[in-house]
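Chemist: Sharing a structure with you now.
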Amino acid sequence: MNLGYPSVFLTISTLCLTHLTPVVTEPTRSVTDSDHALKHSQSSQSPSHLAEQPSSSSRDESDRTIQDLKQVLDRHRGDRVLVLLQDFPDPDALSCAWAFQLIAKQYEIRCDLVYAGTLSHQENIALVKLTGLPVQRWTPQKARERDLSIYQGYVLIDSQGSTTQLLSLVQSADIPALIVVDHHAIQDDLKPEFADIRSHTRATATIFTQYIQAGLIKFDTGNREHVKCATALIHGLRSDTNGLMHAQEEDFLAAGFLSRFHDSQLLNAVLQASRSKQVMDVIERALRNRVLENNFSISGIGYLRYDYRDAIPQAADFLVTEENVHTAVVYGIVYDEDEDLEVVIGSLRTNKITLDPDEFIKEAFGQDSQGRFFGGGRAMAGGFEIPMGFLTGYNENSEYTQLKWQVFDAQIKQKLERLVDPEEGEIRTM
Ligand SMILES: [Mn+2]
């Protein structure tokens with residue numbers, strides 16, 4: 001039985017274990033440049049595509065999208081809705097959820113922005129604190145105690161639900177899906193009233209900026225909330241495009257529009273957030289444990305507290321900066337003693353334009369017994385999350401703990417080895 005975590009189960013075939021209890025997991029998104037999340041094949045960007053002007057048909061289409069969205073908002077005038085964010089919300093998700101809240105407010109729709117995990121990346125904490133971003137943490141227990149019947153619908157932004165533990169709760173409370181706006185690979189299981197899913201767009205912040213430009217809300221430089229939201233959107237856009245390095249024309253255009261409203265000092269303050277000691281320690285471990293092969297840097301960092309799980313993608317960000325490395329994969333066992341949670345979490349970063357992180361991760365780790373992938377990616381970044389099944393659980397015996405890590409470490413390396421093929425010098429994806 002799937003206890004509502006519509007995600008992933010591991011069968012460790014080599015150990016002949018099938019796991020019995022669904023573990024709390026999701027391919028969660030994280031960080032600044034959120035990796036995880038099931039995201040689609042974003043193949044290399046062709047120069048011709050970059051040069052493309054919006055055709056009149058695409059303009060018609062975007063007009064229609066805006067009209068559809070307006071109609072849905074109008075139909076739900078006066079409702080109260082839940083905006084579900086990933087368990088580890090990233091700037092793209094946070095800023096867009098906020099923009100959505102401001103848009104919805106004009107239709108007297110009240111939005112509660114919620115996430116179940118942790119804000120663990122220093123920049124995300126700074127973003128929320130410095131902008132006063134109205135987001136709330138609802139742990140799954142807390143969510144279970146809530147009266148969800150006050151909500152007439154839920155909204156997913158920058159995800160399609162596979163990265164939030166709250167989705168199953170909301171679904172079991174029979175709250176209908178209203179709106180999904182995302183840039184990850186389409187997952188067909190939700191049937192919202194309105195969906196705008198653009199798997200070739202680099203950031204959801206770009207989509208929301210286009211909504212704002214199309215007049216869904218009129219931003220005003222005299223309105224402090226608008227200024228802060230525009231600043232948050234720029235940060236979201238930056239972080240999903242690796243500081244605009246992977247931005248496409250539409251992202252630059254969106255950033256240009258937002259620059260009329262944003263507060264550069266505030267943005268600077270968010271970006272200046274310094275790394276915690278724990279993150280530095282994880283980066284150090286990743287550096288020490290890395291194995292270099294065929295331009296890949298692969299590193300298992302051992303155990304990591306749940307609260308610091310965002311250190312993994314940050315370590316991957318760092319490892320990929322090494323000379324002659326085009327792709328870095330960092331993973332570890334993330335645990336939470338209070339919740340009795342243990343899960344393998346990993347991040348991939350690549351500079352190689354022909355390497356599709358989504359395909360790479362899906363190919364490397366395959367699917368669970370329910371046909372769900374253990375992870376995926378977007379352009380330049382990917383992530384995975386593998387439940388530990390029967391082996392889950394804290395054990396005081398350090399030798400046992402060590403042994404458990406070694407098994408997972410070896411298994412993951414073995415899966416990756418198949419793709420990091422030294423003979424061909426090429427990455428094989430699907
Ligand atoms: Mn995003």
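We did not get these values from a lab; they are worked out from the coordinates using the rules stated. Predicted model, so just to flag it, every value in this text is computed and none were measured. Here the Cβ positions follow ideal geometry from the backbone for every residue, glycine too, while neighbour counts run over all protein chains shown.
Chemist: Seen from all sides and averaged, what is the projected area of the convex hull of the Cα atoms in the chain, in nm²?
Modeler: Result: 20.3 nm².
Chemist: Here's another thing I want to ask about it. Beta carbons within 10 angstrom, averaged per residue: use that to sort the peptides 77-84, 264-271, 339-346, highest first.
Modeler: Working: 77-84: 19.0, 264-271: 15.5, 339-346: 21.4.
Ranking, from highest mean packing down: 339-346, 77-84, 264-271.
Chemist: Let me ask something else. Largest first and in whole Å, what are the equivalent-ellipsoid semi-axes of segment 339-428 based on the Cα gyration tensor, each being the root of 5 times an eigenvalue? List each step's numbers first, then the result.
Modeler: Details: eigenvalues 146, 47, 26 Å².
After scaling each eigenvalue by five and taking roots: 27, 15, 11 Å.
Chemist: If I build a Gaussian network model for the chain, linking alpha-carbon pairs within less than 10 angstrom, which residue out of Arg378, Arg198, Arg75 has the largest mean-square fluctuation?
Modeler: Highest fluctuation of the listed residues: Arg75.
Chemist: Using only alpha carbon pairs under 8 Å that are at least six residues apart, calculate the relative contact order of the chain and give it in whole percent.
Modeler: After rounding, I find 21 percent.
Chemist: Here's a follow-up. Would you mind listing how long segment 59-271 runs along its three principal axes, going by Cα atoms, in whole Å with the largest first?
Modeler: So the three principal-axis extents are 41, 41, 33 Å.
Chemist: Pairs of Cα atoms under 8 Å, at least six residues apart: use those to get the relative contact order of segment 59-271, whole percent.
Modeler: On the way: 381 pairs, mean separation 47.4, N = 213.
Relative contact order of segment 59-271: 22 percent.
Chemist: Here's a follow-up. For each of Glu250, Glu145, count neighbouring Cβ atoms within 10 Å of the residue's Cβ, then give the residues from fewest to most.
Modeler: Glu145, Glu250
Chemist: Take Cys96, Cys229, Cys111 and order them by how many other Cβ atoms sit within 10 Å, fewest up front.
Modeler: Cys111, Cys229, Cys96
Chemist: For segment 234-298, which trypsin sites (Lys or Arg not before Pro) are both in a DSSP coil and crowded by at most 13 other Cβ atoms within 10 Å?
Modeler: Sites meeting the loop and neighbour criteria: Arg260.
Chemist: Order these by the 10 Å Cβ neighbour count, fewest first: Phe384, Phe219.
Modeler: Ordered from fewest to most neighbouring Cβ atoms within 10 Å, Phe384, Phe219 come out as Phe219, Phe384.
Chemist: Another one. May I ask which residue of Met245, Ser276, His226 lies farthest towards the positive end of the charge dipole of the chain, with charges of +1 (Lys, Arg) and -1 (Asp, Glu) on Cβ and the Cα centre as origin?
Modeler: His226
Chemist: Rounded to the nearest 500, what is the 222 nm mean residue ellipticity of the chain from helices alone, with -39500 (n - 2.57) per DSSP H run of 4+ residues and division by all residues?
Modeler: -11500 deg cm²/dmol
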